[in-house]
């Protein structure tokens, strides 16, 4: 597993040296499905794009892909064609109206949910095409598979998404534990995002619980990146197949996404007075241990 991750890192580094371009890879993962992982990945990408970044979202959920569904687009080609060597990665990268590009996953093909060693090697070799981007956000499958761990191990930052639900919290710790076991000698920027919280204190409480257990039992550092408020707009956005960041950039959920990107980029968004004050409060709440 580590060898595959190192190979991907070497390919991306070699490409970066040739093009004088440094690509940041962010893997977004979760211990279980239904926690809003894909929604967060897509809206993070759009927020990064609003900062002038070239962003590619790769749907690496091989078998139950839904990035294109959330965006309301129908790709002509997807990862299935790449893995079967019918197309190159450059052929399946798709522009969207939201200022980001996507690589669609292959929904419904259970046989490729776990790639063979040869398929994974070819897949990784193709990924150097992504190094022209500033940010590559990899929306991994939920739970644990060889593919998920490989992407996590190769990423610069790993965002684990959970919610306040007890099962989601348990599963978030579960995937963190597997990461600690399977990914050795790799510097991971493990970060936690608590989705669908009702208050700042709820997000902090959930995060502290996961972070404390990971530190105590795994001796693993996990940073609290922040939270996303429960917001009715998110459900409306899913139904309309439009990113909530686009529907209302000043919504509670969109402001939280800006906060997350601000922390990842170590910047502060310039907003109106009320929003700026709100963001400062979020930053303070997220930074306290």
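The values are calculated or read from the model by the stated rules, or taken from the named source; none is laboratory data. Since the structure is predicted, the reported quantities are computational estimates derived from the model, not experimental observations. Cβ atoms come from the backbone with ideal geometry, glycine included; neighbour counts cover every protein chain shown.
The rows are residues; the columns are (1) at pLDDT 95 or above; (2) in contact with a helix residue (DSSP H, G or I) (Cβ under 7 Å, 6 or more places away or on another chain).
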site	(1), (2)
3	no, no
19	no, yes
50	yes, no
61	no, no
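Residues in region 103-153 that are part of a loop (DSSP other than H, G, I, E, B), farther than 22 Å from residue 30 by Cβ and at pLDDT 85 or above: 2 in all.
Kindly provide the set of residues from region 238-250 that are part of a helix (DSSP H, G or I) and free of Cβ contacts under 8 Å to residues at least 40 places away in the same chain, ordered by number. Let's see the steps before the verdict.
Our first condition is that a residue be part of a helix (DSSP H, G or I); within region 238-250, this holds for 238-240, 244-247.
Once the filter is applied, which keeps residues that are part of a helix (DSSP H, G or I) and free of Cβ contacts under 8 Å to residues at least 40 places away in the same chain, region 238-250 yields 239, 247.
Here residue 179 meets the list (1) closer than 26 Å to residue 116 by Cβ; (2) in a loop (DSSP other than H, G, I, E, B) almost entirely, failing just condition (2).
Could you please let me know if residue 177 is more than 19 Å from residue 252 (Cβ to Cβ), surrounded by fewer than 19 Cβ atoms within 10 Å (Cβ to Cβ) and in contact (Cβ under 8 Å) with a residue 12 or more places away in the chain? Answer is yes for this residue. Of all residues in region 34-78, those that are in a helix (DSSP H, G or I) and without any contact (Cβ under 8 Å) to a residue 40 or more places away in the chain total 1.
I'd like to know if region 270-280 contains one or more residues that are surrounded by fewer than 17 Cβ atoms within 10 Å (Cβ to Cβ), assigned to a loop (DSSP other than H, G, I, E, B), out of contact with any helix residue (DSSP H, G or I) (no Cβ under 9 Å at 6 or more places or on another chain) and modelled with pLDDT under 95. There is at least one residue in region 270-280 that is surrounded by fewer than 17 Cβ atoms within 10 Å (Cβ to Cβ), assigned to a loop (DSSP other than H, G, I, E, B), out of contact with any helix residue (DSSP H, G or I) (no Cβ under 9 Å at 6 or more places or on another chain) and modelled with pLDDT under 95.
Determine whether region 195-202 contains at least one residue that is buried (at least 16 other Cβ atoms within 10 Å of the Cβ), touching a helix residue (DSSP H, G or I) at 6+ places or on another chain (Cβ under 8 Å), at pLDDT 95 or above and in a helix (DSSP H, G or I). Within region 195-202, one or more residues are buried (at least 16 other Cβ atoms within 10 Å of the Cβ), touching a helix residue (DSSP H, G or I) at 6+ places or on another chain (Cβ under 8 Å), at pLDDT 95 or above and in a helix (DSSP H, G or I).
May I ask you to list the residues in region 49-72 that are within 15 Å of the chain's Cα centre (by Cα) and either within 18 Å of residue 161 (Cα to Cα) or surrounded by fewer than 19 Cβ atoms within 10 Å (Cβ to Cβ) (or both)? Listed by number, the residues that qualify are 57, 58, 59, 60, 61, 65, 66, 67, 70.
Contact map, region 258-275: first residue under 22 Å from residue 158 (Cα atoms), second residue in a helix (DSSP H, G or I) and modelled with pLDDT of 70 or more, Cβ cut-off under 7 Å, separation 6 or more or different chains; pairs are 258/47; 260/44; 261/44; 261/47; 261/48; 268/262.
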